[in-house]
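What follows is a short report on a single structure.
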Amino acid sequence: MTEPQDWPNLVTMFLDQAEANGERPFLWAKWDHEWQSISWIEAAYQVAQVAEGLIAAGIKPGDRVVLVSENRPEWCIADLGIMAAGAVTVPTYTTNTERDHLHILEDSHAAAAIVSDQKLARILLPAAYQSDACDLVIGMERLKIGQSSGARVREWRELFGDCPGDLAALRQRMSGVEREDLACLIYTSGTGGAPRGVRQHHGAILCCVAGAFDILANDFGLTENETFLSFLPLSHAYEHSAGQYLPIMAGAQIYYSQGLDKLAANIEETKPTIMVVVPRLFEVLRTRISKGIEKQGGAAKWMLERALNLGRRRVHAGKTSLVDKPLDMILEKTIRGKVRDRFGGRLKAMVSGGAPLNPEVGLFFQALGVTLLQGYGQTEAAPIVSCNRPSRTIKMDTVGPPLKGATVRIAEDGEILVQGELVMHGYWNNQTETDRVLVDGWLHTGDIGHIDEDGHIVITDRKKDLIVNDKGDNVAPQRVEGMLTLQPEILQAMVAGDKRPYLVGLVVPDPEWAMAWAKEAGAPADMAQLKSMPEFHRAVMGAVDRVNKGLSVIERVRRVILADAQFTVENEQMTPSMKIRRHVIRDIYGERLNGLYK
């Protein structure tokens, strides 16, 4: 195999692997209740066909092409096909609103968009019709439209089906694409609210994936049957690199999950060797496993308690003591074996990223014989910076040592800085933000931490205000708060949801609106009394619900509490420049906000 550092671009890497693996299965999806595969060589021909079809349709080198789809084989083929045409992939979330799509289409000046089905097209097409640049929309499935109202709408088979799929011509075309060339724009939320396009070049993704491949190859050993189960959104940089390009580099098979509700069944059916996951999945699985064992009671419950206690002692001592060896062997043949079977029986490791992992959750799975590796990164670093690895001590309270190819140092103020080919070239059309985060070649992550005596990175705080939910999605709180405070009912607001499944909010009702509401409702003209009234709370929540209609799923505020008083400079809940002091407000209302998740 070509050494990872020698590939000039992602498409050439894929073509080399397709040639080496030939008719072996590559991409799997479940159709008509059966798993069906596309071979490596067939996928290569389809990539070439997509490239030829896009070029024939007028796509030029450097053009941006938006990709909106759930995880499926066509996602991978479209992504590679766009790059094979010399264009730039712009992945977007399936949860985006029309406004989100329009922002990305306009900001990237995308010439075309590929969308999977009618449901997603209903949201994308109005944005495409409003865009000045988007001239072509391609449906992976047939799109039903009454009439054309702007961009041309074409079907995947119609546009690509009759193309020859010339692999030699594709190789020749890719010979001019270098590691420094732009591969994709992945939009991520900024502190100002508007998503920013991260410019990931071919070398950034190749460098990042090579670092992950080093762990896979040297800590676990590669086989011919490496299998990945893909279920995190491919529009997320984490899945894009670790769930797509890592298996390509490893010559592995990729199964596309049918969704979270069928994930457990999919795991047992596909028997993955590697899974790329977010902490929320572990929390759900931990709850299910614990409840199942609790229901069994008796010996099963006793063994779970013994396994967890032994796991804690092992973490503390760094190894299993001689006294614990007999118990360890019993647990290995009983409860651990059963848990591993639920994960298909071949799982080497689950790699957690995208959001912080609770060390107790990590310990739970380690104690039950499932190797769990926590990593760290961000989209601006393609996106993996570090990861725990079995060849070194796995520390659940750290995010492991830096990957091969990543250099990390700690600034004087404690900020984590990253350098290496994996670092982005900057934000698309946003030099101000680029200059802020890229200084002398170092990426300023906005995270605070230190490096311990074993070279593991420990994250202690976040310098930036971005909320990272339990699925790894980034949410800019200022954007949501700004929309809330535009409502006449709401004077001030703060949203929270770090490491949580959804956002909750703290709201200061507008005094003038509150008094007018009280008069109309025949209620006391006293704010303290109004806050205790369920009808008043529902009226405020009505404003929140109006805002939610214009927000994406991950931005919506599910529940709110009413603040005791306004945020002011005097009570130190507001800065002199009228920005809210989040840490002060969290100290006061944190317990009540946490109560909204119960």
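The values are calculated or read from the model by the stated rules, or taken from the named source; none is laboratory data. Because the structure is a prediction, the values reported are computed rather than measured. Reconstructed Cβ throughout: ideal geometry from the backbone, glycine too, with neighbour counts over all protein chains shown.
May I ask you to list pairs of residues, at least six apart or on different chains, whose Cβ atoms are under 7 Å apart, with the first in the range 401-414 being of a type in the set (Ser, Thr, Tyr) and the second being not in a strand (DSSP E or B)?
If the second residue must be not in a strand (DSSP E or B), the pairs left are Thr407/Gly420.
Please verify whether Ala151 is surrounded by 24 or more Cβ atoms within 10 Å (Cβ to Cβ) and in contact with an Asp or Glu (Cβ under 6 Å, 6 or more places away or on another chain), treating the condition exactly as stated.
Values: surrounded by 24 or more Cβ atoms within 10 Å (Cβ to Cβ): no; in contact with an Asp or Glu (Cβ under 6 Å, 6 or more places away or on another chain): yes.
No.
Quick test for you: out of Gly455, Gly414, Gly420, Gly377, pick the one residue that is surrounded by 19 or more Cβ atoms within 10 Å (Cβ to Cβ) and over 21 Å from the mean Cα position of the chain (by Cα). Show your work before the answer.
On the way: Gly455 fails: surrounded by 19 or more Cβ atoms within 10 Å (Cβ to Cβ); Gly414 fails: surrounded by 19 or more Cβ atoms within 10 Å (Cβ to Cβ); Gly377 fails: over 21 Å from the mean Cα position of the chain (by Cα).
The conditions single out Gly420.
Across the range 331-344, what is the total count of residues that are closer than 13 Å to Leu304 by Cβ and either among the β-branched types (Val, Ile, Thr) or touching a residue at least 12 places away in the same chain (Cβ under 8 Å) (or both)? So that I can check it myself, show each step before the final result.
In the first step, residues of the range 331-344 are kept if they are closer than 13 Å to Leu304 by Cβ; the result is 331, 334-336, 338-339.
Pick out the ones that are also either among the β-branched types (Val, Ile, Thr) or touching a residue at least 12 places away in the same chain (Cβ under 8 Å) (or both) and you get 331, 334-336, 339.
Residues meeting the conditions: 5.
Being over 20 Å from Pro164 (Cα atoms) and in contact with a strand residue (DSSP E or B) (Cβ under 6 Å, 6 or more places away or on another chain) is the filter here, so list the residues in the range 41-72 that pass it.
Listed by number, the residues that qualify are Arg64, Val65, Val66, Leu67, Val68, Asn71, Arg72.
Return yes or no: is Leu281 at pLDDT below 95, surrounded by 21 or more Cβ atoms within 10 Å (Cβ to Cβ) and part of a helix (DSSP H, G or I)?
Here the answer is no, as Leu281 does not meet what is asked.
To keep it simple, each residue is scored yes or no on (1) more than 28 Å from Thr270 (Cβ to Cβ); (2) out of contact with any Asp or Glu (no Cβ under 7 Å at 6 or more places or on another chain); (3) of a type in the set (S, T, N, Q).
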position	(1), (2), (3)
Val11	no, yes, no
Phe14	no, yes, no
Gly22	no, yes, no
His33	no, yes, no
Ser39	no, no, yes
Asn71	no, yes, yes
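Sort out which residues of the range 483-515 are closer than 14 Å to Arg592 by Cα and of a type in the set (Gly, Ala, Ser), and write them in order of number. Before you say what the answer is, go through the steps one by one.
Within the range 483-515, the first condition is being closer than 14 Å to Arg592 by Cα, and the residues that meet it are 494-497, 503-507.
Ala496, Gly497, Gly505 - these are the residues of the range 483-515 that are closer than 14 Å to Arg592 by Cα and of a type in the set (Gly, Ala, Ser).
What number goes with the only condition from (1) within 17 Å of the chain's Cα centre (by Cα); (2) at pLDDT below 95 that Gln200 does not pass?
Among (1) within 17 Å of the chain's Cα centre (by Cα); (2) at pLDDT below 95, Gln200 violates only (2).
I need a count of the residues in the range 63-114 that are of a type in the set (A, V, I, L, M, F, W, C), closer than 21 Å to Arg152 by Cβ and in contact with a Cys (Cβ under 8 Å, 6 or more places away or on another chain).
Going through the range 63-114 one residue at a time, the tally reaches 8.
For Thr393, work out the one condition from (1) among the polar types (S, T, N, Q); (2) surrounded by fewer than 20 Cβ atoms within 10 Å (Cβ to Cβ); (3) within 15 Å of Asp447 (Cα to Cα); (4) out of contact with any Phe, Trp or Tyr (no Cβ under 7 Å at 6 or more places or on another chain) it doesn't fulfil.
(3)
With respect to Glu421, is the statement that it is over 24 Å from Val278 (Cβ atoms), touching a strand residue (DSSP E or B) at 6+ places or on another chain (Cβ under 7 Å) and touching a residue at least 40 places away in the same chain (Cβ under 8 Å) true?
On the way: over 24 Å from Val278 (Cβ atoms): yes; touching a strand residue (DSSP E or B) at 6+ places or on another chain (Cβ under 7 Å): no; touching a residue at least 40 places away in the same chain (Cβ under 8 Å): yes.
No.
Identify all residues within the range 97-124 that are within 22 Å of Ile77 (Cα to Cα) and hydrophobic (A, V, I, L, M, F, W, C); write none if there are none.
Restricting attention to the range 97-124, the residues satisfying the condition of being within 22 Å of Ile77 (Cα to Cα) are 101, 104-105, 108, 110-121, 124.
Correct list: Ile104, Leu105, Ala110, Ala111, Ala112, Ala113, Ile114, Val115, Leu120, Ala121, Leu124.
Which ones in the range 394-411 are closer than 13 Å to Ile459 by Cα and either in contact with a helix residue (DSSP H, G or I) (Cβ under 7 Å, 6 or more places away or on another chain) or β-branched (Val, Ile, Thr) (or both)?
Met396, Asp397, Thr398, Val399, Val408, Ile410
From Arg462, Arg479, which residue is of a type in the set (Lys, Arg) and more than 27 Å from Asp397 (Cα to Cα)?
Working: Arg462 fails: more than 27 Å from Asp397 (Cα to Cα).
After applying the criteria, what remains is Arg479.
Quick one: which residue in Met424, Met483 is aliphatic (A, V, I, L, M), closer than 20 Å to Arg558 by Cα and outside the structural domain of Thr97 (by TED's automatic domain parsing)?
Numbers: Met424 fails: closer than 20 Å to Arg558 by Cα.
Being aliphatic (A, V, I, L, M), closer than 20 Å to Arg558 by Cα and outside the structural domain of Thr97 (by TED's automatic domain parsing) holds for just one of Met424, Met483, which is Met483.
If I ask for residues that are closer than 27 Å to Gln258 by Cβ and in contact with an Asp or Glu (Cβ under 7 Å, 6 or more places away or on another chain), which ones from the range 201-240 would you list?
Ser230, Leu232, Pro233
Is it the case, given these coordinates, that Arg582 is in contact (Cβ under 8 Å) with a residue 60 or more places away in the chain and either touching a Gly at 6+ places or on another chain (Cβ under 9 Å) or closer than 20 Å to Ala476 by Cα (or both)?
Numbers: in contact (Cβ under 8 Å) with a residue 60 or more places away in the chain: yes; either touching a Gly at 6+ places or on another chain (Cβ under 9 Å) or closer than 20 Å to Ala476 by Cα (or both): yes.
Yes; evaluated as a whole, the condition is true for this residue.
With the requirement that a residue be of a type in the set (Ser, Thr, Tyr), surrounded by fewer than 20 Cβ atoms within 10 Å (Cβ to Cβ) and within 20 Å of Phe231 (Cα to Cα), what does the range 319-374 give you?
So in the range 319-374, the residues of a type in the set (Ser, Thr, Tyr) come out as 320-321, 334, 352, 371.
Add one more test, that the residue is surrounded by fewer than 20 Cβ atoms within 10 Å (Cβ to Cβ), and what stays is 320-321, 334, 371.
Passing the criteria: only Thr371.
Just to check your reading of the model, which residue among Leu491, Leu506 is touching a Phe, Trp or Tyr at 6+ places or on another chain (Cβ under 6 Å) and within 14 Å of Asp564 (Cα to Cα)?
Details: Leu491 fails: touching a Phe, Trp or Tyr at 6+ places or on another chain (Cβ under 6 Å).
Of Leu491, Leu506, the one residue that is touching a Phe, Trp or Tyr at 6+ places or on another chain (Cβ under 6 Å) and within 14 Å of Asp564 (Cα to Cα) is Leu506.
Does Gly497 qualify as being surrounded by 22 or more Cβ atoms within 10 Å (Cβ to Cβ), out of contact with any His (no Cβ under 7 Å at 6 or more places or on another chain) and of a type in the set (Gly, Ala, Ser)? Break it down stepwise before answering.
On the way: surrounded by 22 or more Cβ atoms within 10 Å (Cβ to Cβ): yes; out of contact with any His (no Cβ under 7 Å at 6 or more places or on another chain): yes; of a type in the set (Gly, Ala, Ser): yes.
For Gly497, the condition - surrounded by 22 or more Cβ atoms within 10 Å (Cβ to Cβ), out of contact with any His (no Cβ under 7 Å at 6 or more places or on another chain) and of a type in the set (Gly, Ala, Ser) - is met.
Can you name the residue in the range 546-564 that is touching a residue at least 60 places away in the same chain (Cβ under 8 Å) and in a loop (DSSP other than H, G, I, E, B) and is also surrounded by the fewest Cβ atoms within 10 Å (Cβ to Cβ) among such residues?
Here the residue is Gly550.
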